[in-house]
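Q: There's a structure below that I have some questions on.
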Amino acid sequence: MQLQQLQYFVAVAETRHFTRAAEVVHVAQPSLSQQIKALERELGADLFLRARGNITLTDAGEALLPLARRILADADTARHEVLELAQLRRGRVRLGATPSLCTGLLPDVLRAFHDRYPGIRLLVEESGSHDLVRELARGALDLALVVLPLPTASPSLTTVELLREDLVVVSSPDSPRPGGGRRAVRITDLEGERLVMFRHGYDLRELTVAACRSAGFEPDFAVEGGEMDAVLGFVRAGLGLAVVPRMVAARSGRGLRVTPLARPGLHRTIALAHRSDVAPPRAARELQRMLLER
């Protein structure tokens, strides 16, 4: 019994016409009829009652039809599963992330993913959450690491919370300790301090400025407009303080003094986002799994 024979049998059973069935499966009608007869010989039973202009199923045909449909469906599932496994040997994943996450969270996860799936190309786009949400919505990315809450509500996206991360204050070891040398800095201690500030569109900029205003003062910028690497470099040079994620400070701590923020401190929630209406490709789902299990 061959899958092709079962496919032809189901086509005839559904159309109740040999010629139309042949058109459905894109084969010549004589070839289809020969395969049906070969299937009947193998099973030892007629599957169709062939009256002029009227094709009906025999009892044997009625018994075979649900089984044939199930066999064909299982074969199709197996074909797709194997194809998706093959895709993990080649292909690409388009991942968006904020620059701080590219510095702090992603290097170890992407290294583990690359070690396991060396044939998958990783295309990483660094940007703020607002831009990443827009790129996801238009299909330019498979996954994105964004900061919650999203800048604008987007029912077309599914988000899964990944982690909640503390923010810390970094400064040059050669400059005076922030907060008068206390082990933890309060937001109010940043009043009068010169800050190195990220460019507009950075989630960290908006969070820090909002915290300062909630504490009753406007932050004083020594330098503003930088990306993550530039901000850390300016802090090392002694231009001012910066508020950055703990993971970034841990990875980039060389030449930096790291001071925690006193309770309640500042935190940010990181989520993994993808489009709700389209399932990510197999390779992207595997990267998603690794991020969620990290």
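The values are calculated or read from the model by the stated rules, or taken from the named source; none is laboratory data. Note that the coordinates shown come from a computational prediction; the quantities given were computed from them, not determined experimentally. All Cβ positions, even for glycine, are placed from backbone atoms using ideal geometry, and neighbour counts span all protein chains on display. The accessibility values were calculated without ligands, DNA or RNA, using every heavy atom of the protein model including side chains. Shrake-Rupley method; radii C 1.70, N 1.55, O 1.52, S 1.80 Å.
Q: Compute the length gained on full extension between residue 138 and residue 19: take 0.36 nm times their separation in residues and subtract their Cα-Cα distance, giving the result in nm to one decimal.
A: 38.5 nm
Q: Leaving ligands, DNA and RNA out of it, work out the accessible area of residue 70 with a 1.4 Å probe and give it in Å² to the nearest 10.
A: We get 140 Å² for residue 70.
Q: Which listed residue (192, 103, 280) has the Cα farthest towards the positive end of the charge dipole for the chain, taking +1 on Lys and Arg C-beta and -1 on Asp and Glu C-beta about the Cα centre?
A: Ranked along the dipole, the leading option is 103.
Q: Principal axis lengths of segment 126-198 from Cα atoms, whole Å, largest first?
A: Largest to smallest, the principal-axis extents are 48, 20, 19 Å.
Q: Here's something else I'd like to know. Starting from the Cα of residue 220, step 7 Å along the direction of its Cβ; do the same at residue 279; then give the gap between the two resulting points in nm.
A: 5.8
Q: Please work out the FRET efficiency for the pair residue 163 and residue 51, using the Cβ-Cβ distance as r and a Förster radius of 51 Å; give the result to the nearest 0.05.
A: 0.15
Q: Can you give me the C-alpha center-to-center distance between segment 215-252 and segment 102-139, rounded to a whole angstrom?
A: If we compute the Cα centre of each part, the gap is 24 Å.
Q: Quick one: accessible area per residue over the chain, 1.4 Å probe, rounded to a whole number of Å²?
A: Heavy-atom SASA per residue in the chain reads 53 Å².
Q: Hey, another quick one. Quick check of the Kirkwood formula: for the chain, what is the inverse mean of 1/r over all pairs of different Cα atoms, in Å?
A: Final number for the Kirkwood radius of the chain is 23.6 Å.
Q: Express the Stokes-Einstein translational diffusion coefficient of segment 117-158 in µm² s⁻¹, to the nearest whole number, given a Kirkwood radius over alpha-carbon pairs, 20 °C and a viscosity of 1.002 mPa s.
A: 190
Q: With each pseudo-label sitting 7 Å past Cα toward Cβ, what's the residue 78-residue 207 distance in nm, one decimal?
A: It is 5.0 nm.
Q: Rank these by accessible area, largest first, 1.4 Å probe: 200, 17, 26.
A: Solvent-accessible surface, decreasing: 26, 200, 17.
Q: Project the alpha carbons of segment 74-189 onto their principal axes and report the range along each, largest first, in whole Å.
A: Projected onto the principal axes, the Cα atoms of segment 74-189 cover 70, 35, 22 Å.
Q: So, one more: Among 71, 27, 9, which residue has its Cα positioned farthest towards the positive end of the charge dipole of the chain, with +1 placed on the Cβ of Lys and Arg, -1 on the Cβ of Asp and Glu, and the dipole taken about the Cα centre?
A: Checked the options; the winner is 71.
Q: Give me the percent of accessible area attributable to carbon and sulfur for segment 19-175, probe 1.4 angstrom.
A: Carbon and sulfur atoms account for 51 percent of the accessible area of segment 19-175.
Q: Now for a separate question. What fraction, in whole percent, of alpha-carbon pairs in segment 150-294 exceed 22 Å separation?
A: Tail fraction, whole percent: 45.
Q: Related question: Counting Lys and Arg as +1 and Asp and Glu as -1, what is the net charge of the other residues whose Cβ lies under 10 Å from the Cβ of residue 104?
A: 0
Q: Sum -39500 (n - 2.57) across every DSSP H segment of at least 4 residues in the chain, then divide by the residue count to get the 222 nm mean residue ellipticity, nearest 500.
A: That comes out to -13500 deg cm²/dmol.
Q: Just read off the accessible area of residue 236 with the full protein assembly in place, 1.4 Å probe, to the nearest 10 Å².
A: 90
Q: Quick one: give the max-minus-min coordinate of the C-alpha atoms of segment 2-133 along each principal axis, largest first, in Å.
A: Ordered largest first, segment 2-133 gives principal extents of 74, 29, 25 Å.
Q: Just to check I understand the Karplus step: with θ = phi - 60° and J = 6.51 cos²θ - 1.76 cosθ + 1.60, what whole-Hz values come out for segment 17-22, glycine and proline as x?
A: Those phi angles translate into 7, 5, 5, 5, 5, 4 Hz.
Q: Determine, from the Cβ-Cβ distance of residue 62 and residue 289 and an R0 of 45 Å, the FRET efficiency 1/(1 + (r/R0)^6), rounded to the nearest 0.05.
A: Efficiency for this residue pair is about 0.55.
Q: Under a point spin-label approximation (7 Å from Cα along Cα-to-Cβ), what is the residue 130-residue 184 distance to one decimal in nm?
A: 3.3
Q: Let me ask something else. Starting from the Kirkwood radius over alpha-carbon pairs of segment 59-127, derive D by Stokes-Einstein at 37 °C in a medium of 0.692 mPa s and give it in µm² s⁻¹.
A: It diffuses with D of about 215 µm²/s by this estimate.
Q: Roughly what % of Cα-Cα distances in segment 177-247 sit above 20 Å, to the whole percent?
A: Result for the distance tail: 23 percent.
Q: Here is a follow-up. Quick check for me: using +1 on Lys/Arg Cβ and -1 on Asp/Glu Cβ, what's the dipole size of the chain about its Cα centre, in debye to the nearest 20?
A: Charge dipole, the chain, about its Cα centre: 420 debye, nearest 20.
Q: Ok, one more. Tally Lys and Arg at +1 and Asp and Glu at -1 over the other residues with C-beta under 11 Å from the C-beta of residue 168: what net charge comes out?
A: 0
Q: Moving on. Rank 264, 178, 280 by mean-square fluctuation in a GNM of the chain with C-alpha springs under 10 angstrom and give only the top-ranked residue.
A: 264
Q: Binned at 10 Å from 0, what are the whole-percent values of the Cα-Cα distance distribution for segment 1-52, short to long?
A: Percent of Cα pairs in each bin: 28, 61, 11.
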